[in-house]
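Participant: After the structure tokens below, expect a handful of questions from me.
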Amino acid sequence: MAKILFIVTGATYWVLKDGTRYATGYWAEEFAMPYKKVTEAGHEVTVGTPGGVVPNVDMMSLRPSMAGGEDGALELENIIRSAEVMRRPLKLSDVR
């Protein structure tokens with residue numbers, strides 16, 4: 001099977017025009033659903049981030065109102081928690 005690289009943001013906040021910080025991260029569904037599909041198909045996933053930092057999920061993306069309800073939010077959370085590759089990302093500068 002294939003080995004697939006997921007490139008994920010390492011950002012935890014944005015700096016707004018007025019200088020205040022706004023919490024952010026990767027959008028749960030944008031990682032979880034493709035990850036689920038490709039791993040279920042037997043492919044190997046590797047995660048890469050700038051600097052090799054462990055990516056943080058944007059907590060807004062796990063709200064039931066943003067995730068298709070309580071069940072959707074729980075499914076996303078379960079997929080993310082089970083994805084060991086998210087806890088040991090590669091540095092993008094080291095990826096070949």
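The values are calculated or read from the model by the stated rules, or taken from the named source; none is laboratory data. Here the structure is a predicted model, which is why all the values come from computation and not from measurement. No Cβ is skipped: glycine too gets one built from the backbone with ideal geometry, and neighbour counts run over all protein chains shown. Note: accessible area is taken over every heavy atom of the protein model, side chains too, but ligands, DNA and RNA are not part of it. Shrake-Rupley method; radii C 1.70, N 1.55, O 1.52, S 1.80 Å.
Participant: Which of Thr20, Thr12, Thr39 ends up with the largest GNM mean-square fluctuation for the chain, with Cα atoms connected below 10 Å?
Facilitator: Ranking Thr20, Thr12, Thr39 by mean-square fluctuation puts Thr20 first.
Participant: So if I take the centroid of the Cα atoms in region 1-49 and the same for region 67-84, what is the distance between those two points in Å?
Facilitator: Distance between centres, Cα-based: 14 Å.
Participant: Now, a different point. Give me the net charge for the shell around Pro64: Cβ to Cβ below 13 angstrom, other residues only, Lys and Arg +1, Asp and Glu -1. Could the numbers behind the result be given before it?
Facilitator: Numbers: positive: Arg63; negative: Glu29, Glu70, Asp71, Glu75, Glu77.
Overall, the nearby charge balance is -4.
Participant: Taking amide H atoms as placed 1.01 Å from N in the peptide plane, list the residues 5 or more away in sequence, or in a different chain, whose amide H sits under 5 Å from that of Ala67.
Facilitator: none
Participant: Quick one: ranking Asp58, Asp18 by accessible area, 1.4 Å probe, largest first, what do you get?
Facilitator: Asp18, Asp58
Participant: Only residues of region 16-49 count here: report those whose backbone N is under 12 Å from the spot 7 Å along Cα→Cβ of Leu74, or say none.
Facilitator: none
Participant: Could I ask something else about it? For the chain, what is the Kirkwood estimate of the hydrodynamic radius, computed as the reciprocal of the mean inverse distance between distinct Cα atoms, to one decimal in Å? Working shown, then result.
Facilitator: Numbers: mean 1/r = 0.0707 Å⁻¹.
Result for the chain stands at 14.1 Å.
Participant: How much of the accessible area of the chain, probe 1.4 Å, is carbon plus sulfur, in whole percent? Could you put the intermediate results ahead of the total?
Facilitator: Values: 3470 of 6380 Å².
Solvent-exposed carbon and sulfur of the chain make up 54 percent of the total.
Participant: Near Arg88, within a Cβ-to-Cβ distance under 14 Å, what is the net charge of the other residues, with Lys and Arg +1 and Asp and Glu -1? All intermediate terms of the calculation are to be shown ahead of the outcome.
Facilitator: Working: positive: Arg87, Lys91; negative: Glu44, Glu84, Asp94.
So the surrounding residues net to -1.
Participant: Still on this structure: Of all DSSP beta bridges in the chain, what percent run antiparallel (nearest 5)? Spell out each step's value before the answer.
Facilitator: Numbers: 3 of 11 bridges.
The antiparallel fraction comes to roughly 25 percent.
Participant: Skipping prolines and chain starts, which residues have an amide H placed within reach, meaning under 5 Å, of the one on Val47, given they are 5 or more residues away or on another chain?
Facilitator: Under 5 Å from the amide H of Val47 lie the amide H atoms of Phe6, Leu90, each far enough along the sequence or on another chain.
Participant: Within a Cβ distance under 12 Å of Ala11, other residues only, what is the Lys/Arg minus Asp/Glu net charge?
Facilitator: Working: positive: Arg21; negative: Asp58.
Summing Lys and Arg as +1 and Asp and Glu as -1 gives 0.
Participant: I need the phi-derived Karplus couplings for region 52-60: 6.51 cos²θ - 1.76 cosθ + 1.60, θ = phi - 60°, integer Hz, Gly and Pro marked x.
Facilitator: Computed from phi, the couplings for region 52-60 are x, 6, 5, x, 10, 6, 6, 4, 4 Hz.
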